Amino acid sequence: MWLDVKKCLTASLWLPASLACSPSAAPGTAAAPTAANTEEAPRSDTGVATPKAGRAPGVEQAPAEQPSAASVMPDTPPDPARSLPEVTVRNVGLHIGGGSNDAASKEPFQRAVAARFESFLTCYRQVAEPQKGGVFGVDLFIKREGGGPEVRQPRTSMQGEAFRACVVDVFESVAFERPAKGPTVISYSLKFEVRDPNAMNE
């Protein structure tokens with residue numbers, strides 16, 4: 001009888017100590033809060049707590065990267081030593097090599113180049129004789145998949161190395177549609193027209 005009582009006493013003393021050491025000592029008993037959990041999470045305007053992102057001590061959070069503005073080409077500052085006349089640019093010639101040259105066939109090519117007229121006008125700031133205007137012609141090889149062409153045989157009487165290089169660069173940036181009949185060569189001419197200042201008084 002005394003042995004049984006001793007066993008019961010031993011069991012009653014041992015079990016609480018064992019349970020106290022266990023993380024799940026009793027069902028429904030919450031663990032003691034830690035230092036990381038005591039900091040209150042910020043709340044949004046709706047009253048819902050939002051998780052607070054932590055960072056290593058001494059490391060500052062990098063600012064969000066701003067989207068960069070995409071520019072077609074850098075603008076060339078005007079030359080203060082001379083004034084530029086009012087200039088317009090337009091297509092004055094287009095021939096499709098080895099294909100039909102009706103208006104409907106030419107339209108996709110004309111539309112693609114016309115989208116870059118503003119950049120051609122920017123190039124005019126670098127022409128040597130801005131009062132004269134002139135015609136600038138090129139042959140453009142357009143690949144089967146379209147896109148930027150290969151510029152061949154640029155030709156013009158307009159002076160200025162920087163001007164000529166700029167116009168060629170703009171032609172190379174033209175995004176052509178996929179040609180209907182595979183790789184295509186077109187001959188294209190632009191005319192830079194200078195407005196006569198005396199015409200305003202007539």
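Coordinate-derived values only; no laboratory data. Just so we're clear, the structure is a prediction, and the values are computed from it rather than from any experiment. Neighbour counts are summed over all protein chains in view; Cβ atoms, including those assigned to glycine, are modelled from backbone coordinates with ideal geometry.
Within the stretch 100-130, how many residues turn out to be of a type outside the set (Ser, Thr, Tyr) and surrounded by fewer than 17 Cβ atoms within 10 Å (Cβ to Cβ)? Walk me through how you get there before you give the answer.
Here is the first cut: in the stretch 100-130, the ones of a type outside the set (Ser, Thr, Tyr) are 101-104, 106-118, 120-121, 123, 125-130.
The next check asks that each one be surrounded by fewer than 17 Cβ atoms within 10 Å (Cβ to Cβ); those that pass are 101-104, 107-108, 110-111, 114-115, 117-118, 121, 128-129.
Total satisfying the criteria: 15.
Conditions: (1) within 12 Å of GLN159 (Cα to Cα); (2) free of Cβ contacts under 8 Å to residues at least 60 places away in the same chain; (3) among the polar types (S, T, N, Q). THR122 meets all but one. Number of the miss?
(1)
Do you know which residues across the stretch 153-177 are touching a helix residue (DSSP H, G or I) at 6+ places or on another chain (Cβ under 7 Å), surrounded by fewer than 18 Cβ atoms within 10 Å (Cβ to Cβ) and among the hydrophobic types (A, V, I, L, M, F, W, C)?
ALA162, ALA175
Hey, among the residues in the stretch 127-153 that are assigned to a loop (DSSP other than H, G, I, E, B) and aliphatic (A, V, I, L, M), which one's nearest to ALA112 (Cα to Cα)?
Step one: of the stretch 127-153, the residues assigned to a loop (DSSP other than H, G, I, E, B) are 127-133, 143-146, 148-149.
Next cut, aliphatic (A, V, I, L, M) only: 127-128.
Working: VAL127: 24, ALA128: 27 Å.
My answer is VAL127.
Could you pull out the residue among GLY133, GLY182, GLY147, GLY137 that is surrounded by 15 or more Cβ atoms within 10 Å (Cβ to Cβ) and at positive phi? Talk me through it step by step, then tell me what you get.
Details: GLY182 fails: surrounded by 15 or more Cβ atoms within 10 Å (Cβ to Cβ); GLY147 fails: surrounded by 15 or more Cβ atoms within 10 Å (Cβ to Cβ); GLY137 fails: at positive phi.
Of GLY133, GLY182, GLY147, GLY137, the one residue that is surrounded by 15 or more Cβ atoms within 10 Å (Cβ to Cβ) and at positive phi is GLY133.
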